[in-house]
1. Assuming L55 fulfils every condition listed in (1) aliphatic (A, V, I, L, M); (2) more than 27 Å from the chain's Cα centre (by Cα); (3) surrounded by 10 or more Cβ atoms within 10 Å (Cβ to Cβ) apart from one, which condition is it?
2. Out of curiosity, is L33 hydrophobic (A, V, I, L, M, F, W, C) and modelled with pLDDT under 85?
3. If we scan the stretch 76-94, do we find a residue that is modelled with pLDDT under 85, outside any helix (DSSP H, G or I) and of a type outside the set (D, E)?
4. Quick one: in the stretch 58-78, of everything that is loosely packed, with under 11 Cβ neighbours inside 10 Å and closer than 30 Å to I15 by Cα, which residue is nearest to the chain's Cα centre (by Cα)?
5. Is there any pair linking a residue in the stretch 73-90 that is under 13 Å from F18 (Cα atoms) to one that is at pLDDT 90 or above and polar (S, T, N, Q), with Cβ under 9 Å and at least six apart or on different chains, and which?
6. When the residues of the stretch 1-42 are filtered to those that are hydroxyl-bearing (S, T, Y) and in contact (Cβ under 8 Å) with a residue 12 or more places away in the chain, which remaining residue is surrounded by the fewest Cβ atoms within 10 Å (Cβ to Cβ)?
7. Would you check which residues across the stretch 54-72 are free of Cβ contacts under 8 Å to residues at least 12 places away in the same chain and either among the small types (G, A, S) or part of a helix (DSSP H, G or I) (or both) and list them?
Amino acid sequence: MYYSDARKERLALKIYSFFQRVQNTTFTFLLRLKSVPRWMDGSCLECIPVKASDLDELYTFSFFEDVIPVQVVNDVVLSIRDSARRLVAEVQKYLQR
């Protein structure tokens, strides 16, 4: 199939936009975990905010702190990003023919 240079450029921009959207979505998902409060051990009650030693503000521990150290979660996030990057590279290679 023959693509004009202008059409190739539009497709390349759409592909890059797709890649950016995938990256932003995974990043936003992880950040949203900060809004989910951690529960007290063995209950469904939210942890109460605690005063951080170096801050004057109260801090509420969130699900984010539980999820981020898990290596499997980090591996999946990186895998999603790498898959999107490979897909974009393959499509761009195809368009350059």
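The values are calculated or read from the model by the stated rules, or taken from the named source; none is laboratory data. None of these values were measured; they are calculated from a predicted model. Methodologically, a virtual Cβ is constructed for each residue, glycine included, from the backbone with ideal geometry; neighbour enumeration extends over all protein chains shown.
1. Condition not satisfied by L55: (3).
2. Considered against the rule, which asks whether it is hydrophobic (A, V, I, L, M, F, W, C) and modelled with pLDDT under 85, L33 comes out as no.
3. no
4. D75
5. I80/T25
6. Here the answer is S35.
7. Once the filter is applied, which keeps residues that are free of Cβ contacts under 8 Å to residues at least 12 places away in the same chain and either among the small types (G, A, S) or part of a helix (DSSP H, G or I) (or both), the stretch 54-72 yields Q71, V72.
For every residue, the table says whether it meets (1) farther than 28 Å from F64 by Cα; (2) aromatic (F, W, Y); (3) in a helix (DSSP H, G or I).
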| site | (1), (2), (3) |
| --- | --- |
| E9 | yes, no, yes |
| L13 | yes, no, yes |
| Y16 | yes, yes, yes |
| F19 | no, yes, yes |
| V22 | no, no, yes |
| F27 | no, yes, yes |
| L33 | no, no, yes |
| D41 | no, no, no |
| C44 | no, no, no |
